[in-house]
Structures are given as structure tokens and as C-alpha cells.
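Pasting a structure here, questions to come.
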Amino acid sequence: AMPEFLGKRYKLFSSENFDEFMKALGVGAVTRKMGSSVSPVVELTENNGLYTLKTTSAFKNSEIKFKLGEEFDEETPDGRKVKSVCTLDGNKLIQLQKGEKETTIEREFTPTEMKAVMKVDDIVCTRVYKIQE
Ligand code: DKA
């Protein structure tokens, strides 16, 4: 059966340490300010084993497409070029990004919210998104 979180839209509700996270990735002050000011909507869909993760905001729309466990090239919203691989563990999408630094983004989907825990160096950023009706 299809996991029920696929095709649901989750909008940013709270955010901790995002500025520190972006700083550690070398994101400049202007982009950090833009990044901090928006509440993106995140949606994960799947078709024949090809997953699409869409992130939409007034700052930037981004979309990554991947198969689980297969490395792909990604350009991050702030313009870094990284190699990414995503795996799914139950309701948790785990993304490992390798570039100048290694970053992990774990997104846990529930019927009411999605919680993203993003790590780089010793920094942990937590962002909670609420389901959109
Ligand atoms: C999100 O999905 C944010 C994703 C993190 C992007 C890394 C840095 C972006 C700088 C604007 O809510």
C-alpha cells in the first residue's frame, strides 16, 4: 500500500538553528536572510519507484528526483553542487549530501506533521512542518 504521507503538503511551522546550519554551509548573509524569512511547503510524491521532493517558497522552488539508494547530482537552493542519496526507513526519508561538507537531512512524516532534522558539522537544525488541509 502507498504510504499515506505521499502527496501531502507540509508547510513550515517552526525552525531552530537554521541560520547556524546555513552559516556552516557557507551560505552568505543575504541568502540566509531570505532563507530564514520564508515558510516553504514540502511535498514528496512517488511514481514507479521514482521519487520527487518539491520544496516551494517565495524565495525559491526546488525539486529533486531520485530512486531510493541511488546517488544523484543535486544543486541545493543556495547553489551548492552535491552528490545525494536518499533512503526510506518507514516514514523517515534520510538524505545524505556529499559536497565540500557532509550533510544529513532526515524528514519524518506523520499524518499531521513532518519533522526535518538537518545536520552539518556539530550543528543540528530542526524544522517542523504542519500538514496543509
Ligand atoms: C527546507 O526544506 C530547507 C532546506 C535546506 C536548504 C539548505 C540551505 C538553503 C538556503 C536558503 O525547508
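Looking at region 1-21, which of the residues that are in contact with a Ser or Thr (Cβ under 8 Å, 6 or more places away or on another chain) and among the charged types (D, E, K, R) is surrounded by the fewest Cβ atoms within 10 Å (Cβ to Cβ)?
Across region 1-21, the extreme among qualifying residues is GLU16.
Look through SER14, SER57 and report the one residue that is within 25 Å of LYS130 (Cβ to Cβ) and within 11 Å of the ligand (Cβ to nearest atom).
Details: SER14 fails: within 11 Å of the ligand (Cβ to nearest atom).
Of the residues listed, the single one that is within 25 Å of LYS130 (Cβ to Cβ) and within 11 Å of the ligand (Cβ to nearest atom) is SER57.
State which residue is surrounded by the most Cβ atoms within 10 Å (Cβ to Cβ) when the search covers only region 103-113 and only residues that are under 17 Å from GLY69 (Cβ atoms) and not β-branched (Val, Ile, Thr).
Among residues in region 103-113 that are under 17 Å from GLY69 (Cβ atoms) and not β-branched (Val, Ile, Thr), the one surrounded by the most Cβ atoms within 10 Å (Cβ to Cβ) is ARG107.
Would you call LEU44 modelled with pLDDT of 95 or more, touching a Lys or Arg at 6+ places or on another chain (Cβ under 9 Å) and near the ligand (Cβ under 10 Å from one of its atoms)?
Here the answer is no, as LEU44 does not meet what is asked.
Which is surrounded by 14 or more Cβ atoms within 10 Å (Cβ to Cβ) and more than 13 Å from the chain's Cα centre (by Cα), of ALA24, ALA116, ALA29?
None of the others qualify; the one that does is ALA24.
Yes/no per residue for (1) at pLDDT 95 or above; (2) buried (at least 16 other Cβ atoms within 10 Å of the Cβ); (3) among the small types (Gly, Ala, Ser):
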position	(1), (2), (3)
SER37	yes, no, yes
THR52	yes, no, no
LYS60	no, yes, no
SER84	yes, yes, yes
LYS101	yes, no, no
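I'm told LEU88 meets every condition in (1) farther than 27 Å from LYS23 by Cβ; (2) hydrophobic (A, V, I, L, M, F, W, C); (3) loosely packed, with under 15 Cβ neighbours inside 10 Å except one. Can you identify the failing condition by its number?
(3)
The values are calculated or read from the model by the stated rules, or taken from the named source; none is laboratory data. Every value quoted in this text rests on a predicted model; they were computed, and no experiment measured them. Using ideal geometry, Cβ is built from the backbone for each residue, glycine included, and neighbour counts are taken over all protein chains shown.
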